[in-house]
Structure formats: structure tokens, C-alpha cells
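A.B. asks: Below you'll find the structure I mean.
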Amino acid sequence: MMHFHFDETKVLVYARRGLELLVFEEPDYPEVLTQVPGGSVEPGESPRSAAHREFAEETGFEITAPIEELGIQGYRYRVDDRVIHHERHCFAFEAPSDLPDEWTHLEGQPSQGEPVLFRLFWISIEEAKTRLGYGMAETLSAPFFSSRPSRLEP
């Protein structure tokens, strides 16, 4: 018998730099698919605040630009005989041009277990549509990603 479990509220943060998207992989876990920064909304925390916190925890950089809420996405996956449901609040912002092209960051206090090493890098939005895992590419159909930004950092 399958049980439905409505798990937790999550945030995803899509950092765009022109026509590129910031993504990460976990070098210690090569089976984990490419993702964008994000994580859980803590009790009493707003999704927008969680987006700021999670981005900083996973990248080592603060969001300094205005962030746009793109909408809410449901995501389901199976664990044994249960289906887990996450409600994902998706945010995006135009990242400053001075972020590195590639870097590693150790998230010291992940929500579960040992610190996690992230390798962060930029890929084209087009490549992200096929490379992102866990349903994260669905958000790339939002108008925020469909055209060149009107303002780029100098």
C-alpha cells in the first residue's frame, strides 16, 4: 500500500548571469544530479528569507540583488513505499558579474548529517534545461529565463 506524505516546504534559487545559470554538483556523491542552490524553509521563516539563507549556505555568497518569486512548484518522489511531496518556492535573481566562474564551497551545517562539498559553476540556460535533475529544469520556462536581461552588471 502506498502512503502519501506531504513533507516540507523548500526553496530553489536560480541565479542568472546573462544567459548562464549557476548550478552545483557534489563531488563526493557523483550519483547526485546537477542542481541549483536551495533547501528547506525553517519553522517561522518566510520562503524569501529561506532563499537568501540557503543561497548563502550553499554558495558562500550573499544575494545582494532583488530576487523575483517565480512561483510554486510541486515535486514528488518515491522513498520505499512512500511518495514524498515538496512544495518548492522558486526564486530568481540576476547575479553580479564578479562571482567566480567556478568555485567549491563546504556547507558546514546541512540539514542532514555531515558537511557537504559543492562544486559551483555556470552553464548556459539552454544546457540547464537538459542537465538539471529533480524537476528543477521545469522552472526554466518562466519568462525570467526566456530573454536576455535588460540590465547587465558592468
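A.B. asks: Can you tell me which of (1) among the charged types (D, E, K, R); (2) touching a strand residue (DSSP E or B) at 6+ places or on another chain (Cβ under 6 Å); (3) surrounded by fewer than 14 Cβ atoms within 10 Å (Cβ to Cβ) is the one ASP98 doesn't meet?
C.D. replies: ASP98 satisfies every listed condition except (2).
A.B. asks: A follow-up question, please. Is one or more of the residues making up the range 29-41 within 19 Å of ASP7 (Cβ to Cβ), part of a helix (DSSP H, G or I) and not small (Gly, Ala, Ser)?
C.D. replies: no
A.B. asks: Say whether the condition of being within 24 Å of SER40 (Cβ to Cβ) and free of Cβ contacts under 8 Å to residues at least 60 places away in the same chain is met by at least one residue in the range 125-144.
C.D. replies: Of the range 125-144, the ones within 24 Å of SER40 (Cβ to Cβ) are 128, 131-140, 142, 144.
Okay, now just the ones that are also free of Cβ contacts under 8 Å to residues at least 60 places away in the same chain, so 137.
Yes, there is a match, as at least one residue in the range 125-144 is within 24 Å of SER40 (Cβ to Cβ) and free of Cβ contacts under 8 Å to residues at least 60 places away in the same chain.
A.B. asks: Regarding GLU45, is this residue modelled with pLDDT of 95 or more and assigned to a loop (DSSP other than H, G, I, E, B)?
C.D. replies: yes
A.B. asks: Test each condition in (1) touching a His at 6+ places or on another chain (Cβ under 8 Å); (2) surrounded by 14 or more Cβ atoms within 10 Å (Cβ to Cβ); (3) charged (D, E, K, R) for ARG82 and report the one that comes out false.
C.D. replies: With (1) touching a His at 6+ places or on another chain (Cβ under 8 Å); (2) surrounded by 14 or more Cβ atoms within 10 Å (Cβ to Cβ); (3) charged (D, E, K, R) applied to ARG82, the lone miss is (2).
A.B. asks: While we're here: Could you look through the range 107-117, keep only residues that are closer than 17 Å to HIS52 by Cα and either modelled with pLDDT of 95 or more or not small (Gly, Ala, Ser) (or both), and pick out the one that is surrounded by the fewest Cβ atoms within 10 Å (Cβ to Cβ)?
C.D. replies: Of everything passing the filter in the range 107-117, GLN109 is surrounded by the fewest Cβ atoms within 10 Å (Cβ to Cβ).
A.B. asks: I would also like to ask the following. From (1) surrounded by 14 or more Cβ atoms within 10 Å (Cβ to Cβ); (2) at pLDDT 95 or above; (3) in a strand (DSSP E or B), pick out the condition that doesn't hold for GLU69.
C.D. replies: (1)
A.B. asks: While we're on this one: Looking at (1) free of Cβ contacts under 8 Å to residues at least 24 places away in the same chain; (2) touching a Leu at 6+ places or on another chain (Cβ under 9 Å), which is the one condition that is false for PRO37?
C.D. replies: Among (1) free of Cβ contacts under 8 Å to residues at least 24 places away in the same chain; (2) touching a Leu at 6+ places or on another chain (Cβ under 9 Å), the lone unmet condition for PRO37 is (1).
A.B. asks: Give the number of residues within the range 47-97 that are hydroxyl-bearing (Ser, Thr, Tyr) and either under 13 Å from the mean Cα position of the chain (by Cα) or on the phi > 0 side of the Ramachandran plot (or both).
C.D. replies: Matching residues across the range 47-97 total 1.
The values are calculated or read from the model by the stated rules, or taken from the named source; none is laboratory data. All values reported here derive from a predicted model rather than from experimental measurement. Cβ: placed from backbone, ideal geometry, glycine included. Neighbour counts: every protein chain shown.
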